[in-house]
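See below for the structure under consideration.
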Amino acid sequence: MSLPNLLTALDDLAADAGSALNSVTSAEQLEEQRVRLLGAKNGQIKTVEKLMGVLDRADRPAGGKRLNEVRQAINQLFEQATERIGGAQPKTKSGKPGFDATLPGIRPAIGHLHPITQTIEHLKEIMGRLGFSVVEGPEVEDTWHNFIALNIPEDHPARDPLDNFYLQTAAKTSAASADSKLLRSQTSTVQIRVMEGQQPPLRIISIGRVYRPDAADATHFPMFHQMEGLWIDRHVNMSHLKTVLRMFASSYLGDDVQVRFRPSFFPFTEPSVEVDYHWQDSWIEFGGAGIVDPNVLQQVGYDPEEWSGFAFGLGVERLCMRRYQITDIRDLFKGDVRFLKQF
Ligand code: FA5
């Protein structure tokens with residue numbers, strides 16, 4: 001092929017593309033024209049490009065220059081046509097939107113922290129400001145840390161095999177033995193672990209999962225999280241406990257939160273209280289607390305005449321629910337993205 005013939009073919013192609021692209025009225029027609037003119041295999045530009053190979057070597061720069069001009073002009077016409085018909089996406093044969101590498105990048109949907117994880121971070125931050133450091137404890141515990149050291153005797157209903165997830169160990173220890181294993185039913189286990197390893201004074205929190213064979217309903221789940229708090233020092237009393245819990249509640253739930261303390265019983269605190277907040281016309285319990293029982297201090301080798309302290313265990317899900325107006329705890333564990341992405 002001679003150069004003049006190639007230039008004429010390119011001029012014809014430009015004119016043909018101009019009239020075809022100016023008269024398209026739908027995304028489908030536009031896609032047809034894209035394949036006909038710019039298609040990577042048998043598009044018209046590609047066909048003319050192949051003819052470049054038979055041009056005289058000396059004519060190739062001029063032919064290539066014109067080919068690029070026409071290609072650019074067609075691309076421009078294509079963009080104008082796309083804009084004119086409303087920026088419609090090109091469709092593939094199956095009718096689904098095709099991939100258009102010329103469109104601007106779209107930020108992919110990235111995940112974010114689960115509301116419970118967000119709550120845990122927030123709780124650590126508030127308690128950190130009150131001087132509490134964070135410690136961890138194991139989820140698989142022994143009966144010593146989950147019950148015995150916490151002053152929970154063998155015949156206490158809290159140790160019933162039906163109320164706990166005991167684990168069958170190789171040694172087949174009985175539920176009563178101090179080293180039989182279970183999934184911890186409360187984070188109070190961490191109180192014992194910390195006091196066994198450190199001398200007072202101390203001020204810690206521990207946040208983690210606990211397990212109970214509770215039937216799931218709007219406010220209960222068989223696996224949930226607790227935040228345990230422990231403050232041991234000289235002369236710690238009930239007014240310190242109530243002040244810290246009130247300060248915590250108003251920091252996390254807002255100044256308008258109503259908190260009440262009800263007398264209660266836990267084997268490891270004396271006196272003990274249950275802590276409720278007011279929500280949607282009723283009171284809901286969000287934790288238990290009290291002054292650490294002298295027996296517990298003795299179990300870990302602290303002198304109860306010298307040291308005293310308070311402890312509390314709060315339900316993390318219940319705190320999260322109150323803050324985010326979640327009315328059913330089960331929503332937190334369904335993994336439904338439509339729910340989770342609201343937080
Ligand atoms: C305890 O677990 C004590 N260890 C708390 C404690 C610690 C008392 C330190 C004294 C000193 P209780 O069983 O009441 O207490 O549970 C504490 C909180 O965990 C409850 O108030 C509630 O907010 C939450 N909770 C209990 N069971 C469930 C459940 N099945 N699902 C969700 N949250 C629960």
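The values are calculated or read from the model by the stated rules, or taken from the named source; none is laboratory data. These figures come from a predicted structure and were not determined experimentally. In this analysis, Cβ positions are derived from the backbone assuming ideal geometry, glycine residues included, and neighbour counts consider all displayed protein chains. Keep in mind that these areas ignore ligands, DNA and RNA; they rest on the heavy atoms of the full protein, side chains included. Shrake-Rupley method; radii C 1.70, N 1.55, O 1.52, S 1.80 Å.
Taking the listed residues GLU154, GLU196, GLU121, the one that is open to solvent by 20 Å² or more (accessible area, probe 1.4 Å), more than 16 Å from the ligand (Cβ to nearest atom), farther than 18 Å from TRP231 by Cβ and not in a loop (DSSP other than H, G, I, E, B) is GLU121, with no other qualifying. The criterion of at least 3 residues that are within 10 Å of the ligand (Cβ to nearest atom) and over 24 Å from PRO201 (Cβ atoms) is met by the following helices (runs of 4 or more DSSP H) wholly inside the range 243-343: 316-324.
Considering only the range 199-224, state which residues are open to solvent by 60 Å² or more (accessible area, probe 1.4 Å), more than 9 Å from the ligand (Cβ to nearest atom) and within 19 Å of ASP331 (Cβ to Cβ). Result: ARG209, single match. Those residues that are within 51 Å of the chain's Cα centre (by Cα), among the hydroxyl-bearing types (Ser, Thr, Tyr) and open to solvent by 70 Å² or more (accessible area, probe 1.4 Å), I need them from the range 10-36; list them, please. Residues satisfying the conditions are SER23, THR25.
Would you call THR82 of a type outside the set (Lys, Arg) and either in a helix (DSSP H, G or I) or at pLDDT 85 or above (or both)? For THR82, the condition - of a type outside the set (Lys, Arg) and either in a helix (DSSP H, G or I) or at pLDDT 85 or above (or both) - is met. Inside the range 1-30, residues that are assigned to a helix (DSSP H, G or I) and either β-branched (Val, Ile, Thr) or touching a Gly at 6+ places or on another chain (Cβ under 7 Å) (or both) make up a count of 3. Scanning the range 263-280 for residues that are more than 30 Å from the chain's Cα centre (by Cα) and open to solvent by 30 Å² or more (accessible area, probe 1.4 Å) turns up PRO263, SER264, PHE265, PHE266, GLU270, PRO271.
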